[in-house]
Amino acid sequence: MLSRTVWALCPASAIMSTGTFVVSQPLNYRGGARVNPADGSGTEKAFEPATGRVIATFTCSGEKEVNLAVEDARAAFRTWKKKSGMERCRVLLEAARIIRERKDEIAAVETINNGKSVFEARLDIDTSWQCLEYYAGLAGSLAGEHIQLPGGSFGYTRREPLGVCVGIGAWNYPFQIACWKSAPALACGNAMIFKPSPFTPVSALLLAEIYTQAGVPPGLFNVVQGGAATGQLLCQHQDVAKVSFTGSVPTGSKIMEMSAKGIKPVTLELGGKSPLIIFSDCDMPNAVKGALMANFLTQGEVCCNGTRVFVQKDILDKFTAEVVRQTQKIKIGDPLLEDTRMGPLINGPHLERVLEFVRLAREQGAKVLCGGDPYVPEDPKLKGGYYMTPCVLTDCRDDMTCVKEEIFGPVMSILSFDTEAEVLERANNTSFGLAAGVFTRVWQREWPSDHRVLLPTQDSVCGDGGCGVCVLTAGRPKEEHPGTQQHDFQMLNVDLGAFEKRLYFQLSQQGAGRQSLELPPLSHA
Ligand SMILES: NC(=O)c1ccc[n+]([C@@H]2O[C@H](COP(=O)([O-])OP(=O)(O)OC[C@H]3O[C@@H](n4cnc5c(N)ncnc54)[C@H](O)[C@@H]3O)[C@@H](O)[C@H]2O)c1
Ligand SMILES: O=CCc1c[nH]cn1
């Protein structure tokens with residue numbers, strides 16, 4: 001098998017296989033080309049989690065490099081802001097088209113650097129080009145308002161771009177996060193400097209190259225590499241107009257503090273400990289599938305996972321037994337293989353942290369029904385990878401660490417409840433609210449309106465916005481939707497220049513909504 005050093009030369013993910021990919025080109029992107037940073041504060045290594053192999057060594061950008069990236073972005077902004085929305089739309093649509101065309105290749109790179117299975121990475125790439133198409137569609141219709149004033153006078157508003165925006169990403173959805181941040185920024189006429197997580201520095205470069213190929217001016221989308229120190233330089237830069245951040249709550253709080261000093265607006269996509277409520281009137285196979293997805297996709301490294309699984313008592317045993325049966329059948333292994341459903345965690349220290357949560361849960365009285373152990377696949381080339389078996393915990397209480405803290409790994413905590421009022425109270429009792437899911441025949445419920453709402457408990461948002469509130473809303477009469485059983489609420493924010501918080505509620509029904517992604521079952525049960 002060939003070693004892939006310059007992935008852009010050949011479009012084939014077919015020749016990418018686990019254990020071969022290395023990156024030798026520079027990982028910074030400035031002025032429309034890959035560059036070595038002008039200065040640096042130490043080096044970092046990026047790994048292939050499936051094998052533990054180093055795939056890239058790079059320099060963390062210092063002040064000089066950050067300044068150059070901002071200068072280039074400012075220059076490009078001067079050109080880009082003059083374009084009409086329709087012109088910006090055209091470029092974004094072209095970028096979306098290229099992403100769609102190169103989907104398999106981008107997905108393979110994402111899998112190699114992140115560890116998630118390739119079938120999931122492809123879905124991430126789909127949501128990436130869809131995001132570009134969505135904001136491209138909005139670009140042409142961004143308009144101001146006309147306000148009639150007394151005496152025949154009038155006022156009007158214009159929508160103006162902010163300037164150079166900074167995007168700082170987490171490692172769990174590297175390419176998708178870069179798209180979700182840059183698409184609205186660019187659609188509104190801004191420039192962006194994106195800093196990926198140092199764990200996943202690679203795929204943002206593909207996006208940068210694609211934007212250039214699609215026709216954005218050189219310097220409009222730049223990539224700088226590094227960790228906290230580089231991120232701080234970006235947030236504190238006086239010519240940066242806005243910061244959009246995805247990551248943990250503690251870092252988000254620091255970003256907000258730094259940005260406040262420069263009176264910069266921020267958007268924060270943070271962590272969560274979301275409830276998933278399974279009522280006894282649910283469609284059981286659907287609810288089990290939902291619980292597996294809400295805990296084990298991307299090895300459980302998903303911000304809006306439903307990790308507190310509240311199950312109504314009369315179905316607790318049956319539900320739990322089926323969840324455990326299917327969890328034990330999840331195929332763990334080489335994430336580039338088509339039938340793998342769970343790959344390695346992002347790195348060694350994170351694996352240790354997740355395993356420690358399981359140990360602590362046991363100590364605090366939870367019962368480990370399956371998983372929670374390190375896993376070594378049979379394939380010799382995977383021996384150095386960061387694998388664990390997906391874990392189901394039961395006998396959990398609300399005060400346990402595993403129920404209160406974000407584990408960010410494949411660990412499901414099952415809790416039981418009796419009544420609806422009780423479960424809503426307990427589900428809402430967290431400072432880590434981000435999303436929520438409910439399985440019930442909701443149309444058949446006569447819920448008083450004050451029981452319908454799961455409230456957000458922090459201003460943490462998901463998808464550059466959303467995920468903060470979940471409303472059980474029964475909008476349509478039951479007879480229109482016979483057999484509707486799953487209601488899965490997800491939020492996205494329509495995040496434009498002003499980045500105000502607007503919530504998007506998605507009602508999924510059987511055969512619709514999220515299921516239209518055509519996810520194969522996570523478990524091979
Ligand atoms: N809400 C969402 O949509 C969403 C999506 C993905 C991940 N997340 C959350 O992200 C977390 C996992 O990601 P992570 O471990 O990469 O988070 P993190 O907070 O450690 O790092 C996120 C990014 O911030 C940078 N950074 C770290 N310290 C910084 C500082 N002082 N100043 C500026 N930048 C700094 C990092 O280099 C990285 O690029 C989880 O809590 C997860 O829930 C949320
Ligand atoms: O990880 C949380 C959800 C998400 C995915 N991409 C951006 N946010």
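Any residue in region 33-42 that is in contact (Cβ under 8 Å) with a residue 60 or more places away in the chain and among the β-branched types (Val, Ile, Thr)?
Within region 33-42, none of the residues are in contact (Cβ under 8 Å) with a residue 60 or more places away in the chain and among the β-branched types (Val, Ile, Thr).
Output the residues belonging to region 254-278 that are within 10 Å of ligand 1 (Cβ to nearest atom), in a helix (DSSP H, G or I) and within 21 Å of the chain's Cα centre (by Cα).
If the condition is that a residue be within 10 Å of ligand 1 (Cβ to nearest atom), in a helix (DSSP H, G or I) and within 21 Å of the chain's Cα centre (by Cα), then 254, 255 are the ones that fit.
Return the residues of region 41-75 that are among the small types (Gly, Ala, Ser), surrounded by fewer than 19 Cβ atoms within 10 Å (Cβ to Cβ) and touching a Phe, Trp or Tyr at 6+ places or on another chain (Cβ under 9 Å); say none if nothing qualifies. Write out each step before concluding.
We begin by selecting, within region 41-75, every residue among the small types (Gly, Ala, Ser); these are 41-42, 46, 50, 52, 56, 61-62, 69, 73, 75.
Cutting the leftovers down to surrounded by fewer than 19 Cβ atoms within 10 Å (Cβ to Cβ) gives us 41-42, 52, 75.
Scanning region 41-75 gives a single hit, 52.
Within the set of pairs 6+ apart or on separate chains, which have a first residue in region 220-237 that is free of Cβ contacts under 8 Å to residues at least 60 places away in the same chain, a second that is in a loop (DSSP other than H, G, I, E, B) and of a type outside the set (S, T, N, Q), and C-beta atoms under 9 Å apart?
236/262
Here is a list of conditions, (1) assigned to a helix (DSSP H, G or I); (2) touching a helix residue (DSSP H, G or I) at 6+ places or on another chain (Cβ under 7 Å), and residue 134 meets all of them except one; can you say which number that is?
With (1) assigned to a helix (DSSP H, G or I); (2) touching a helix residue (DSSP H, G or I) at 6+ places or on another chain (Cβ under 7 Å) applied to residue 134, the lone miss is (2).
I'm checking my understanding of the structure. Among residues of region 368-410 that are free of Cβ contacts under 8 Å to residues at least 60 places away in the same chain and within 16 Å of ligand 1 (Cβ to nearest atom), which one is farthest from the chain's Cα centre (by Cα)?
401
From the list 87, 94, which one is in contact (Cβ under 8 Å) with a residue 60 or more places away in the chain, surrounded by fewer than 23 Cβ atoms within 10 Å (Cβ to Cβ), away from ligand 2 (no atom under 16 Å from the Cβ) and not basic (Lys, Arg)?
Values: 87 fails: in contact (Cβ under 8 Å) with a residue 60 or more places away in the chain.
None of the other options fit; the residue is 94.
Within the group 142, 138, 186, 207, which residue is assigned by the TED database to the domain that holds residue 102, within 16 Å of ligand 2 (Cβ to nearest atom) and farther than 22 Å from residue 249 by Cα? Steps first, please.
Numbers: 142 fails: within 16 Å of ligand 2 (Cβ to nearest atom); 138 fails: within 16 Å of ligand 2 (Cβ to nearest atom); 186 fails: within 16 Å of ligand 2 (Cβ to nearest atom).
Only one candidate passes the filter, namely 207.
Before we move on, is residue 287 assigned to a helix (DSSP H, G or I), more than 16 Å from ligand 1 (Cβ to nearest atom) and either within 30 Å of residue 331 (Cβ to Cβ) or out of contact with any helix residue (DSSP H, G or I) (no Cβ under 7 Å at 6 or more places or on another chain) (or both)?
Details: assigned to a helix (DSSP H, G or I): yes; more than 16 Å from ligand 1 (Cβ to nearest atom): yes; either within 30 Å of residue 331 (Cβ to Cβ) or out of contact with any helix residue (DSSP H, G or I) (no Cβ under 7 Å at 6 or more places or on another chain) (or both): yes.
Here the answer is yes, as residue 287 does meet what is asked.
Quick one: which residue in 297, 292 is more than 16 Å from ligand 1 (Cβ to nearest atom) and within 24 Å of residue 332 (Cβ to Cβ)? Talk me through it step by step, then tell me what you get.
Details: 297 fails: more than 16 Å from ligand 1 (Cβ to nearest atom).
Selected residue: 292, the only one of 297, 292 that is more than 16 Å from ligand 1 (Cβ to nearest atom) and within 24 Å of residue 332 (Cβ to Cβ).
From (1) more than 14 Å from ligand 2 (Cβ to nearest atom); (2) touching a strand residue (DSSP E or B) at 6+ places or on another chain (Cβ under 9 Å); (3) polar (S, T, N, Q), pick out the condition that doesn't hold for residue 200.
Just one mismatch for residue 200, condition (1).
Determine, yes or no, whether residue 254 is more than 16 Å from ligand 2 (Cβ to nearest atom), over 21 Å from residue 394 (Cα atoms) and of a type in the set (Lys, Arg). Reasoning before the result, please.
Values: more than 16 Å from ligand 2 (Cβ to nearest atom): yes; over 21 Å from residue 394 (Cα atoms): yes; of a type in the set (Lys, Arg): yes.
Taking the combined requirement at face value, the residue satisfies it.
Return a yes/no flag: does region 142-157 have any residue that is touching a residue at least 60 places away in the same chain (Cβ under 8 Å) and either away from ligand 1 (no atom under 14 Å from the Cβ) or hydrophobic (A, V, I, L, M, F, W, C) (or both). Steps first, please.
In the first step, residues of region 142-157 are kept if they are touching a residue at least 60 places away in the same chain (Cβ under 8 Å); the result is 142.
Filter once more, keeping what is either away from ligand 1 (no atom under 14 Å from the Cβ) or hydrophobic (A, V, I, L, M, F, W, C) (or both): 142.
Yes, because at least one residue in region 142-157 is touching a residue at least 60 places away in the same chain (Cβ under 8 Å) and either away from ligand 1 (no atom under 14 Å from the Cβ) or hydrophobic (A, V, I, L, M, F, W, C) (or both).
Of the residues that sit in region 161-181 and are of a type in the set (Gly, Ala, Ser) and surrounded by 24 or more Cβ atoms within 10 Å (Cβ to Cβ), which one is farthest from ligand 1 (Cβ to nearest atom)? Spell out the reasoning first.
Initial filter on region 161-181 (of a type in the set (Gly, Ala, Ser)): 163, 167, 169-170, 178.
Still in the list and also surrounded by 24 or more Cβ atoms within 10 Å (Cβ to Cβ): 167, 169, 178.
Working: 167: 9, 169: 5, 178: 11 Å.
The selected residue is 178.
Conditions tested, residue by residue: (1) more than 16 Å from ligand 2 (Cβ to nearest atom); (2) among the charged types (D, E, K, R); (3) touching a Gly at 6+ places or on another chain (Cβ under 7 Å).
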| residue | (1), (2), (3) |
| --- | --- |
| 298 | no, no, no |
| 304 | no, no, yes |
| 311 | yes, no, no |
| 314 | yes, yes, no |
| 329 | yes, yes, no |
| 334 | yes, yes, no |
| 338 | yes, yes, no |
| 351 | yes, no, no |
| 358 | yes, no, yes |
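Name the one entry in 214, 178, 191 that is in contact (Cβ under 8 Å) with a residue 24 or more places away in the chain and either among the basic types (Lys, Arg) or within 16 Å of ligand 2 (Cβ to nearest atom) (or both). Can you show your working first?
Values: 214 fails: either among the basic types (Lys, Arg) or within 16 Å of ligand 2 (Cβ to nearest atom) (or both); 191 fails: either among the basic types (Lys, Arg) or within 16 Å of ligand 2 (Cβ to nearest atom) (or both).
178 is the lone residue from the list that is in contact (Cβ under 8 Å) with a residue 24 or more places away in the chain and either among the basic types (Lys, Arg) or within 16 Å of ligand 2 (Cβ to nearest atom) (or both).
Mind checking which residues of region 326-360 are touching a strand residue (DSSP E or B) at 6+ places or on another chain (Cβ under 9 Å) and in a loop (DSSP other than H, G, I, E, B)?
328, 330, 331, 333, 335, 340, 341, 343, 344, 345, 346, 347
Just to be sure, is residue 297 in a helix (DSSP H, G or I) and not assigned by the TED database to the domain that holds residue 177? Give the derivation first.
Numbers: in a helix (DSSP H, G or I): yes; not assigned by the TED database to the domain that holds residue 177: yes.
The answer is yes for residue 297.
Tell me, which strands (runs of 3 or more DSSP E) wholly within region 14-91 include 1 or more residues that are at pLDDT below 95 and in contact with a Cys (Cβ under 8 Å, 6 or more places away or on another chain)? I'd like the intermediate steps shown before the answer.
On the way: elements: 28-30, 33-35, 40-48, 53-61.
Strands (runs of 3 or more DSSP E) meeting the threshold: 40-48.
Of everything in region 206-253, what is surrounded by fewer than 21 Cβ atoms within 10 Å (Cβ to Cβ) and within 11 Å of ligand 1 (Cβ to nearest atom)? Give them in sequence order.
Those that are surrounded by fewer than 21 Cβ atoms within 10 Å (Cβ to Cβ) and within 11 Å of ligand 1 (Cβ to nearest atom): 227, 228, 229, 232, 236, 248, 249, 250, 251, 253.
The values are calculated or read from the model by the stated rules, or taken from the named source; none is laboratory data. All of these numbers come straight from a predicted model, not from anything done at the bench. Positions of Cβ are backbone-derived with ideal geometry, glycine not excepted, and every protein chain shown enters the neighbour counts.
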